Structure formats: structure tokens, C-alpha cells
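The values are calculated or read from the model by the stated rules, or taken from the named source; none is laboratory data. The structure presented is a predicted model; accordingly, all values stated were derived computationally and were not measured. Please note: Cβ atoms are built from the backbone with ideal geometry, for glycine as well, and neighbour counts cover all protein chains shown. These accessible areas exclude ligands, DNA and RNA; they are computed on the full protein's heavy atoms, side chains included. Shrake-Rupley method; radii C 1.70, N 1.55, O 1.52, S 1.80 Å.
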Amino acid sequence: MSLDVEDLTKRYGDRAVVRDVSFRVEAGELVVLLGPSGSGKSTVLRIVAGLTAHDAGRVRIGGKDVTELSPQARDLGFVFQNYALFEHLSVADNVEFALRVRGVDRAARQARREELLELVGLGGSARKFPSQLSGGQRQRTALARALAHSPRLLLLDEPFGALDARIRQELRQGLRTLLKRIGTTAIFVTHDQEEAFAVADRIMVLHRGRLLESGTPQQLYREPRTEFVASFVGRANLLPGELTDAGARIRLVPGPVEPDAIPQRVKVLLRPEKLRLLRANSPVATDPDLFSHPASVERIEYLGASERVYLSLQVGEADHGRRFLLEALRTTESAQLLPLAVGDAVTLFADQMHGVPQPDLRVLVVAPDDADGQALVESALAWGERTHALVTVLGGAVRAPALHGRLERYRQAFAGDLRVIDPSQHESDPWRAAQAHLAGEAYDLVMLPASLRQPDRLIAFLTASGAQQVLLADRAGDPLAATATGRWTVLLRTFSSGQPDLQLLAEIAGTSGADLEVRDLHGSVGAPVAAAVDASGWRDALARRSVAWTEARAEPDERDALPLDPQAPVVALDLGPRAALGARQQQRLRALDGRWALLMVQPDEADLALVPSAGFARPAQAQPASDPTE
């Protein structure tokens, strides 16, 4: 019997534990709902069973709408984690219970009972009581009872969660064999990835009450579409990279976008078993579609049939570069061919990489202990809840009594998606604390409160920290709020061999319901340009996101003034390459007072070539004199 769930939503107070979940289960299919604690998987199952009320959505079984029916009228079987057996009844009476209340005659009840007990491996145990059974036997009894009346759909809520590993392994394969034999449609809830892989025809991964992905175990492991799924269904090395038509490639150092790169934010997945370890100083691959890099051994875990090696990969100087931690899984045979010890140098190699097109957004919120810092934390948490962002709050605001309840609720609801860091014991200055933290961590976005609108210190921070995208808050309004709308102004530079990364801007605007209006810092958007000089790709970057955008010509009122829209709540400003940050950028930051600003910095490698890009080239006679800050 098929199952259709449409736009299912469940709230407890102001918190949505299930959000617009829709899926279909085909007749005879065994589907697993997989997710961490608090993801909403058990709530979805209980709503389907009629045991929990819902706030919105429909449930159809075999094409019939059962949304308003009682649990008894839905004709389902349910297996609970805690067995839920009647302790005063024998195994036989427990299995027959559903048949007895349906008025099935004694002979038919006994025949069905004996059939099911044999199927679940409990033949000869009919006269025993639950207290005389092991945990595995009790759960087999519960399964037989749930199947006794031939339900249209079987629901199993973490049925093996209370059993030890060996018993779980035996029961899960037996369960799959049994259900396939009798052709029962089933939904199985678990947080155990290995269990999901062993049981499922198809897995649906839930997180924060949303259905993120659905696919076969092989599809989700090899080709996940989201960073959460990539790391949740198995151990994963996730590195920065880019997509091309040929696949994904790793880019450990930011720099100019390659001509064949697709303008899309991406992480590259390397499964540990696909990462090969070679002797130090082995030839490094020059093919950009292969990955090869020196590394050092940090730790080794012996796992019996295999060995897990933890590795450190350094890019750039130790004091100013970046360090990536990876892990490789190799067989004992491979370990014997290349014995390793902590501290040994090796060369990493991989030729099987997968681009994850929806990586989690990592956000650092710098929040000093003042009203602006606290307001920014509130705004960032509300926005992070909607966007699945991984939020780190750094600063004295984490000690504010007014935020204790909010931070704790967020932490309980979204477990590992919030980090709180109080740097006061080591560093009271928020600028230095943020810079020190960024020396060892990488973030997609840094948020700063209105109290840190200090152009000189901000430019110094951008120069030293390596941050490329900074959202500077203002005391007026909150453009990140769920109900916020409006048109944001995007100011891009005319002369550059590269443009800033606009994917993040488009993503933030899209989640906030805002439109974008692109303006050139010299008012030259829309000028006719030969296709041969189209190097920016900024139009492609915006077109790939579900955000509305337009181009506008807006001449500034005076030289060096910004062509601003006075109604725009947010201005996204290209500050140019990091090496060129200075007095002119400070002047432009002062011009943005009174509104939120997204500041975009290009890496030093994308330095000026003083060649006009396709989208913003002026006619030759109108080009201004070159300026190293432009």
C-alpha cells in the first residue's frame, strides 16, 4: 500500500519541529527516515500513525485521505523502541491481541500466530511471558504482533535502539528479509547510518524538521547534494573547491576563478577510503582534476581489519596559512606496505571527488557585550534557524542574561549547529579576538554589530584576518528577518581581472526575500561590450540563484561618491583586492552609515590587470585614468 505525505508541519509553541515535509512511499517499499536526535523523524512517523496531531498537511494511504482518521481506523502496524508488550499476557496472546479485538475466530488467530512466530524466529515460544524473553526476543514478539492483522503500512520507531550491537545486526537483516518476503510497505525511523544502509530501499534524511535529501543508500553516500548529508551518512573530508562541467576539483587557496569554473558555492567531498597515502616526496599531480598534496600524520587508530590515519595538510606559511585536518581509511594490507608513525610525512592522492553543491553556511557572529552585539545575536540566530547555517557566536554578549534562554533553546533544538565562545579571559578587544579566531577557523560570512562601525579598524581587520565577506549591521531595521523585503543595491568595481564571489550575496538575499539591483561604481552598467572581454561571470553567478536582480545605470552626484539608492536597506560593496584596501575604502564605508552593508573583498591573487570586464566596460573614450584602488 502506498503512502503520500504532503506539506506536513508540526509546531510546539513557536518552534516548528516538522516543516513542510512531503514524500511518497511506493507499495512494498522499505523507506528509512534518518536523522539526528531532534530532526523530526519520529514526529513525522507519529503523525502518519495518527498518534500526534499536526498543524498543516495531508496524509494519504493507498490514495485515501486518512488525515482526520483515528489511529485505529488507519489500519497500521506500529513497532516501538520500548517493545510496548503486555507483560501479563503470553507471547501467543500478545501476538493475537490485534486479531482478537477485530473479532477474528480462534482457529484463524492461532494459525496466523504460529505463522508469524516461525517467521520471526520464535517458534516454540508461544507460552512464554515477556519477562522470560531477551531484548531481541521481545522485539521480535512486538514485530509479530504489529504484523498479525496484515496492516496496510508498518511503522517502526527506532525498534532496535535498546538492543546491543550484535543483536541489532542480526535483527535488522532478518527484518528486511521478512518484510520483502511478505511484501509489506514499511517506514523505519533511526539515527544509525549503518542501520539505515542495511535496511533501506531508500533513505530520507531529515534535519531541523526538513527533508533534505532522498535516495538509495549508494546515491546518498557517493553523491550527496548537501554538506549535512555528506557528513551524516558517513565519515567525510570536505574541502573548498569549485565545479566545472567535467566535475569537481579542490582549491585550497582562494584566487581568481578559473575560466571553466561554474559560479556556484561548493565543497568537495573525499571519502576517507578514497584518499590514498603515498611516500613523502612522491610526484605531485599537475592535472587540476586530480588532488595531490604533502601532509603529515597526526594520529593513527588501529581498527582490526583497517586503520584510520588522521592527517594535517598545511597550505602557506605556518603562521599565516591554513591548516586542514583530513582522515584516510586503509586496509591492514596497505598499512603493511607503507608503515606509518605519528609525525611522518606523506603525499595525499585522490582521483575520485564529488562536488557538494549545497554546503552549509558557516557564520561567525562577533558580539561584544553591548546592546548592538546582543541585537545582532538575536538576528543571526533567527536567520540561522531558517537557513540551516552553522553559527558561532564570539564575544562578551554570550554572558548577557537576556541571551541565556535564547542561546540555550537554540542549542537544544539544533545541537551541533551553534558554538558559543567567550574570549574575555584571553582577549577583551573584539577586533583582536575575531582576528585570532579567524587565524585557525574558516567562515563563509563574518557578522559585525553596529557598535563596530569603525572604518579604520574595519579595514585593518579585513587586511589582516583573511575574511572575504563581512556583513556590517546597523541599528535601523533587520533585513535578515523573515518578513523583510526590499531591493538591495550591489556596487561592483569597473576594472578588475575578477569579480567578488556573488554566490553568498545571492544566497542571503534569496533567504531574506530581497531583490538585487546591480550598479557600477562608475555608473557604466549596461554599456555595450565585445563578448571577448567577458571575464567577470557576475551575471551567471546571480542567474544560478533564485533571486530577482536587475541592472541600473546611476551616475554619482560627485567624484568618488557612491551611486547609492537612498531606499536600499542593504548595500553590497566590492572593496577590491585585499592588497589595495586603504583610505578610499574607509571613505566609502563612512558613506554607508545608516544602512546594513555586505563588504566583499577579493583575494590578493585577483589583483588588477586594468582590463575592463564584459559587464562593466566603458567606451574607450570614457575610461578614467587608472587608479590602483579601483
key: Distance between modelled label sites at E378 and V253, nm, 7 Å Cα→Cβ extension   = 4.5 nm
key: Accessible-area order (highest first, 1.4 angstrom probe) of the listed residues I203, I250, I421   = I421, I250, I203
key: Stretch gain in nm, segment E87-D245, where the contour uses 0.36 nm per residue and the Cα spacing is subtracted   = 50.7 nm
The range 369-463: trypsin sites (Lys or Arg not before Pro) falling in loop per DSSP and having at most 13 other Cβ within 10 Å = none
ask   = Once you charge only the Cβ atoms, +1 for Lys and Arg and -1 for Asp and Glu, what is the size of the charge dipole of the chain about its Cα centre, to the nearest 20 debye?
value = 2520 debye
query = How big is the equivalent ellipsoid of the range 370-463 along its three axes, where each semi-axis is √(5λ) from the Cα gyration tensor, reported in whole Å from largest to smallest?
reply = 22, 15, 13
Heavy-atom accessible area per residue - the range 319-399, 1.4 Å, Å² = 41 Å²
key: Contact order normalised by residue count of the chain, Cα under 8 Å, 6+ apart, percent   = 10 percent
ask   = Of V365, P455, V21, whose Cα points farthest to the positive end of the dipole of the chain (charges on the beta-carbon: +1 Lys, Arg; -1 Asp, Glu; origin at the Cα centre)?
value = V21
key: Stretchable slack from Q173 to D65, in nm (0.36 nm times residue separation minus alpha-carbon distance)   = 35.6 nm
request  = Please give the contour-minus-distance gain from S424 to A111: 0.36 nm per residue of separation, less the Cα-Cα distance, rounded to one decimal in nm.
outcome  = 105.5 nm
key: Cβ-defined net charge surrounding V346, 10 Å radius [Lys, Arg +1; Asp, Glu -1]   = +1
ask   = What is the P(r) of the range 187-269, as percent of Cα-Cα pairs per 5 Å bin from 0?
value = 3, 13, 23, 19, 15, 11, 9, 5, 2, 0
ask   = Tell me, what is the FRET efficiency for E194 and Q567 to the nearest 0.05, using R0 = 60 angstrom and their Cβ-Cβ distance as r?
value = 0.65
task = Return the carbon/sulfur percentage of the accessible area of the chain, one whole number, probe 1.4 Å, all protein chains in place.
result = 48 percent
inquiry  = Using a probe radius of 1.4 Å on heavy atoms only, what accessible surface per residue do you get for the range 145-255? Whole Å² is fine.
reply    = 38 Å²
ask   = Measuring from label point to label point, each 7 Å out along Cα→Cβ, what is the A476 to E6 span in nm?
value = 4.6 nm
request  = Would you pull out the residues with amide H under 5 Å of R419's amide H, same chain only if 5 or more places away, H placed 1.01 Å from N?
outcome  = V391, T392, V393
note = Whole-Å distance linking the alpha carbon centroid of the range 51-95 with that of the range 130-167 is 14 Å
message = Can you tally the net charge around G35? Count Lys and Arg as +1, Asp and Glu as -1, for every other residue whose Cβ sits under 10 Å from the Cβ of G35.
response = +3
ask   = Which value, in Å³ per residue, describes the convex hull spanned by the Cα atoms of the range 162-220?
value = 97 Å³
inquiry  = Let me check something: with ligands and nucleic acids excluded, how do L278, L573, L337 order by accessible area (1.4 Å probe), largest to smallest?
reply    = L337, L278, L573
message = For a Förster distance of 45 Å, can you work out the FRET efficiency between the beta-carbons of E551 and L278, rounded to the nearest 0.05?
response = 0.35
message = Quick check for me: using +1 on Lys/Arg Cβ and -1 on Asp/Glu Cβ, what's the dipole size of the range 132-278 about its Cα centre, in debye to the nearest 20?
response = 420 debye
ask   = How big is the antiparallel share of DSSP beta bridges in the chain, given as a percent to the nearest 5?
value = 55 percent
Farthest toward positive dipole pole in the chain [+1 Lys/Arg, -1 Asp/Glu at C-beta], among V205, L418, L275 = V205
Where only C-alpha atoms are counted, convex hull volume of the chain per residue in Å³ = 189 Å³
inquiry  = Taking a ≥ b ≥ c as the square roots of the Cα gyration tensor eigenvalues, with a/c under 1.5 meaning rounded and otherwise prolate when a/b beats b/c, else oblate, which class fits the range 97-221?
reply    = prolate
ask   = Treating the beta-carbon of each Lys and Arg as +1 and of each Asp and Glu as -1, no other charges, what is the dipole magnitude of the range 1-153 about its Cα centre, to the nearest 20 debye?
value = 360 debye
